[in-house]
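Notes to accompany the following structure.
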Amino acid sequence: MPDNSANFTYDGTNGPIGTTTVTRAELITALEQLNYAEGYNIRAIDELGGTGLVSVDSLGSAAARSIAASDGLQVTNATGVSGNPTISVGTPSTFRQAIDDTEANTVTNSVAVSILSTGTSYSVPAPSSGSISRKEIINGTASLITLTGAVWEDPGITAVRIPPRSSVTLISGVGGFWLRFCYHYL
């Protein structure tokens with residue numbers, strides 16, 4: 001609570017207080033009938049039902065929460081009722097497949113692996129700035145595939161060619177350019 005703010009409001013109907021003197025019993029009755037002031041976290045928490053984790057915002061609202069699992073992750077004690085919640089890798093193959101997501105016949109910077117089975121030329125988008133990226137591009141055709149785009153750190157590189165039945169791994173730095181590429185022959 002901020003300084004000089006009322007923590008409670010008085011319920012004059014259920015906890016009457018005299019205008020001149022108050023007996024001990026009247027004071028106890030009045031204290032028993034205090035309500036948390038509107039708009040404060042303590043009231044919002046008190047009004048929640050259930051058990052578990054609590055989310056509180058700066059506006060005095062509170063909500064019960066729990067931790068949910070996602071692809072490849074497993075959660076135990078999601079509400080924290082009987083101790084700290086734990087998050088772990090569930091089935092390793094499911095987790096790995098969620099990370100190594102695959103796209104077909106397109107090259108984006110949001111998917112880890114591109115498998116190309118048609119065409120001979122693809123534009124490679126710039127990697128995201130501020131993070132290091134790794135991109136695997138597999139040429140599943142019998143033709144030479146050309147990767148284009150002004151996304152290479154070395155301005156002398158205008159295209160990268162992937163031989164038939166081969167792949168290339170692109171690695172970026174944090175500047176939004178692909179720094180290195182390495183060929184792999186299938």
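The values are calculated or read from the model by the stated rules, or taken from the named source; none is laboratory data. All values derive from a computational prediction rather than experimental measurement. In this analysis, Cβ positions are derived from the backbone assuming ideal geometry, glycine residues included, and neighbour counts consider all displayed protein chains.
Would you call Ile132 closer than 16 Å to Ile171 by Cβ, of a type in the set (Val, Ile, Thr) and modelled with pLDDT of 85 or more? Taking the combined requirement at face value, the residue satisfies it. Looking at the structure I just gave you, is Thr94 at pLDDT 95 or above and among the β-branched types (Val, Ile, Thr)? Here the answer is no, as Thr94 does not meet what is asked.
Just to be sure, is Ala142 modelled with pLDDT under 80, in a loop (DSSP other than H, G, I, E, B) and in the same structural domain as Ile171 (by TED's automatic domain parsing)? No, not satisfied. When you check Asp57 against the structure, is it modelled with pLDDT of 70 or more and closer than 30 Å to Leu116 by Cα, yes or no? Against the criterion (modelled with pLDDT of 70 or more and closer than 30 Å to Leu116 by Cα), Asp57 does not qualify.
Take Ala104 and decide whether it is touching a strand residue (DSSP E or B) at 6+ places or on another chain (Cβ under 7 Å) and within 21 Å of Trp152 (Cβ to Cβ).
Spelling it out, it is not the case that Ala104 is touching a strand residue (DSSP E or B) at 6+ places or on another chain (Cβ under 7 Å) and within 21 Å of Trp152 (Cβ to Cβ).
If you go through the stretch 147-172 and pick out every residue that is out of contact with any Ser or Thr (no Cβ under 9 Å at 6 or more places or on another chain), within 15 Å of Arg134 (Cβ to Cβ) and assigned to a loop (DSSP other than H, G, I, E, B), you end up with 0.
Flag set for Phe181, criterion: in the same structural domain as Leu116 (by TED's automatic domain parsing) and either charged (D, E, K, R) or closer than 18 Å to Ala112 by Cβ (or both). Ile42 meets all of the listed conditions (1) modelled with pLDDT under 70; (2) out of contact with any Leu (no Cβ under 9 Å at 6 or more places or on another chain); (3) part of a loop (DSSP other than H, G, I, E, B); (4) surrounded by 14 or more Cβ atoms within 10 Å (Cβ to Cβ) but one, namely (3). Among the residues examined, Thr108 qualifies as surrounded by fewer than 12 Cβ atoms within 10 Å (Cβ to Cβ) and over 30 Å from Ser66 (Cα atoms). Picking from residues in the stretch 97-109 that are modelled with pLDDT of 85 or more and not in a strand (DSSP E or B), the one that is nearest to Lys135 (Cα to Cα) is Asn109.
When each of Thr94, Thr79 is tested for being assigned to a loop (DSSP other than H, G, I, E, B) and of a type in the set (S, T, N, Q), the lone residue that passes is Thr79.
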